[in-house]
1. Only one of (1) surrounded by 14 or more Cβ atoms within 10 Å (Cβ to Cβ); (2) within 26 Å of PRO254 (Cα to Cα); (3) not hydrophobic (A, V, I, L, M, F, W, C) is not met by LYS179, so which one is it?
2. Check off (1) assigned to a loop (DSSP other than H, G, I, E, B); (2) among the hydroxyl-bearing types (Ser, Thr, Tyr); (3) closer than 23 Å to SER316 by Cα; (4) in contact with a strand residue (DSSP E or B) (Cβ under 8 Å, 6 or more places away or on another chain) for SER35 and give me the number that stays unchecked.
3. Of the residues in region 84-115, how many are open to solvent by 60 Å² or more (accessible area, probe 1.4 Å) and hydroxyl-bearing (Ser, Thr, Tyr)?
4. With the requirement that a residue be among the polar types (S, T, N, Q) and either surrounded by 15 or more Cβ atoms within 10 Å (Cβ to Cβ) or out of contact with any strand residue (DSSP E or B) (no Cβ under 9 Å at 6 or more places or on another chain) (or both), what does region 210-244 give you?
5. What residue, of ILE327, ILE260, ILE317, ILE280, is out of contact with any Phe, Trp or Tyr (no Cβ under 9 Å at 6 or more places or on another chain), under 23 Å from VAL155 (Cα atoms) and open to solvent by less than 40 Å² (accessible area, probe 1.4 Å)?
6. I need every pair where a residue in region 166-190 that is over 27 Å from ALA299 (Cβ atoms) has its Cβ under 7 Å from the Cβ of a residue that is of a type outside the set (Asp, Glu) and part of a strand (DSSP E or B), sequence separation at least 6 or different chains.
7. Which members of region 47-75 meet the condition of being assigned to a loop (DSSP other than H, G, I, E, B) and buried (at least 17 other Cβ atoms within 10 Å of the Cβ)?
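The values are calculated or read from the model by the stated rules, or taken from the named source; none is laboratory data. Keep in mind the model is a prediction, meaning the values are calculated, not measured. Here the Cβ positions follow ideal geometry from the backbone for every residue, glycine too, while neighbour counts run over all protein chains shown. Ligands, DNA and RNA are stripped out before the accessible areas are found, and what is left, the full protein with its side chains, is counted by its heavy atoms. Shrake-Rupley method; radii C 1.70, N 1.55, O 1.52, S 1.80 Å.
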Amino acid sequence: MVSAVGMKQSLRKEFSSIQDVFSLAIGQFTSADLSIFHEFDPPPTGGGHQFLRAFWKEAESRGVRVENNIISRTTRACLMNSFNFNFERLKKLRRSSVLFIHRVDGPVGFYRGQDDGIDRRILEINQKVADRTIFQSRYSLKKHLDFGMEFREPVVIMNAADLKIFNPQGRLEFSRERKIRLIASSWSDNVNKGASLYKWLDENLDWNQFEFTFVGRSPIPFRNIRLIPPVASNGMADLFRIHDIYITASRNDPCSNSLIEALSCGLPAVYLKSGGHPEIVGEAGYSFESAEEIPTILADLLDEYELIQEKISVPSIYDVTSAYLDILGF
């Protein structure tokens, strides 16, 4: 007698096979230049979804026909995102005439704080299919090499935000005559996102001088920090524009899209000296290594706010898309 679990697994496998056959059939009758293999979630979502949507929109604005999780008869290149796609389906649809580029972040296990085998899985996909690899930061590439993981022909291309959404137009005017508005965000409640540090700030900041908004998911409650559930891109950009300083305490984060989006909206950053943060911020903020440093760092930043803000320099989605398309052969 087949168990309920066994029946579910069988149905899931059968449904997956039907999807593969459908994808193969569809691909014979559709026309595209570039396929993005990535399982998109509806917004609001994390950085990978955000960046790939912005890249897709920019690529299409240049006449590149883009498809998702299908390889058509005219497809010239495929951009695979990390492990966030159906690898078995891709193998069935794969053609030797298609160039396969693998977008990689992480190491994921190091970022999540536990080794569940995902990074080895990503490396296996890379070695079996990829022609070249795009890393999102020099930190990410180096850390993989430190762990003995060598990927196919790696290059580094930092992420970028959609500047039609994330821009400083209409920003709240900065003033030292009112409370300074701090903001942080996270789509994940992973402990490496900095919950303990935000807890310390919640208990120790001078609330006569500061206001603090946290957007997203937090594993801890706050007493003084205002918590707002995740919002979509336009709402997030509006929130950035009415705040003064972005704070991020995420640890081992290879290339924080939220940090890039905040900078793109004109916010200098105070950031944990970890992962790809220093590459992204450059001279447009100050780093810290412990929570106790932050009040002094905030005071220093406020003294030079206008000068630091002028040093914000993030890649444009136009330039990043150009770099991607060059690697993809367009």
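1. (2)
2. (1)
3. 2
4. THR213, SER218, SER233, ASN234
5. Being out of contact with any Phe, Trp or Tyr (no Cβ under 9 Å at 6 or more places or on another chain), under 23 Å from VAL155 (Cα atoms) and open to solvent by less than 40 Å² (accessible area, probe 1.4 Å) holds for just one of ILE327, ILE260, ILE317, ILE280, which is ILE327.
6. Final answer for the pair search is TRP187/GLY216.
7. Across region 47-75, the qualifying residues are VAL64, ASN69, ILE70, ILE71, SER72, THR75.
A quick yes/no check of all residues on (1) over 30 Å from ALA232 (Cβ atoms); (2) among the aliphatic types (A, V, I, L, M); (3) open to solvent by 50 Å² or more (accessible area, probe 1.4 Å); (4) assigned to a loop (DSSP other than H, G, I, E, B):
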site	(1), (2), (3), (4)
ILE134	no, yes, no, no
SER140	no, no, no, no
LYS143	yes, no, no, no
GLY148	yes, no, yes, yes
LEU163	no, yes, yes, yes
